[in-house]
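The values are calculated or read from the model by the stated rules, or taken from the named source; none is laboratory data. These numbers come from a predicted model, not from an experiment. Neighbour counts run over all protein chains shown; Cβ positions are idealised from the backbone, glycine included.
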Amino acid sequence: MNRPSPSLSQFRSQKGFILVGSIFLMIVVGLLIVFLLRTNSANHWNTSATLQQNRTFQAASSGLDWGLYQINAGACPVSPSTLTLNEADLQGFQVTISCVKTDYVLQSGTRSIFELDSVATFGVYGVSTDFVSRHLQLTVEGP
């Protein structure tokens, strides 16, 4: 079985077919590249935001630790107290600590309850694109 060989006129009728296919392929590959770049950019931003949120939590936690230190020294810290952190990864964070002391008279004596609030912020709300804030509360029975 011999196949008849295509004639020259059949090749001329298919002229430009490869061009259409290659343009289609270039468009698909270009769209894929744009999609991957956008996805990568979004992932980078999400990672940065998560890291900044974790730092804000640590800054607020540092404020609570400072407040507990003040309570162990014998009194509520001046309320509100503002700390500006300048150490390593927490540089630029501002922490505001508030303390409320409530005394309760019991049969066994007087007990003090301290309520600490710590608010850590980075940047300015509405101005900074990387603004973050975290509010932590802690209630302890003191000396």
Open item on the list: So, Gly142, is that one touching a residue at least 24 places away in the same chain (Cβ under 8 Å), more than 25 Å from the chain's Cα centre (by Cα) and on the phi > 0 side of the Ramachandran plot or not?
Closed with: no
Task: Scan of region 81-90 for residues that are outside any loop (DSSP other than H, G, I, E, B) and under 15 Å from Leu136 (Cβ atoms), ordered by number - done: Ser81, Leu83, Leu90
TODO: Kindly establish whether Ser108 is more than 16 Å from Gln58 (Cβ to Cβ) and of a type in the set (Ser, Thr, Tyr).
DONE: yes
Open item on the list: Can you find a residue that is over 15 Å from Glu141 (Cα atoms) and in contact with a His (Cβ under 8 Å, 6 or more places away or on another chain) anywhere in region 42-63?
Closed with: yes
TODO: Being part of a helix (DSSP H, G or I), among the hydroxyl-bearing types (Ser, Thr, Tyr) and either at pLDDT below 85 or in contact with an Asp or Glu (Cβ under 6 Å, 6 or more places away or on another chain) (or both) narrows it down to one of Thr129, Thr139, Thr50, so name that one.
DONE: Thr50
Task: Within region 53-77, tally of residues that are farther than 20 Å from Phe114 by Cα and surrounded by fewer than 17 Cβ atoms within 10 Å (Cβ to Cβ) - done: 4
- [ ] Give just the number: which of (1) out of contact with any strand residue (DSSP E or B) (no Cβ under 9 Å at 6 or more places or on another chain); (2) β-branched (Val, Ile, Thr); (3) in a loop (DSSP other than H, G, I, E, B) does Val78 not satisfy?
- [x] (1)
Open item on the list: Looking at the structure I just gave you, is Ser9 out of contact with any Leu (no Cβ under 7 Å at 6 or more places or on another chain), within 30 Å of Ser133 (Cβ to Cβ) and at pLDDT below 80?
Closed with: no
Open item on the list: Would you confirm whether or not region 61-73 contains a residue that is in contact with a helix residue (DSSP H, G or I) (Cβ under 8 Å, 6 or more places away or on another chain), part of a strand (DSSP E or B), of a type outside the set (D, E, K, R) and modelled with pLDDT of 85 or more?
Closed with: no
TODO: Taking only region 104-120 into account, find how many residues are part of a strand (DSSP E or B) and exposed (fewer than 10 other Cβ atoms within 10 Å of the Cβ).
DONE: 4
TODO: Would you mind finding the one in Glu87, Glu115 that is within 33 Å of the chain's Cα centre (by Cα) and modelled with pLDDT of 90 or more?
DONE: Glu115
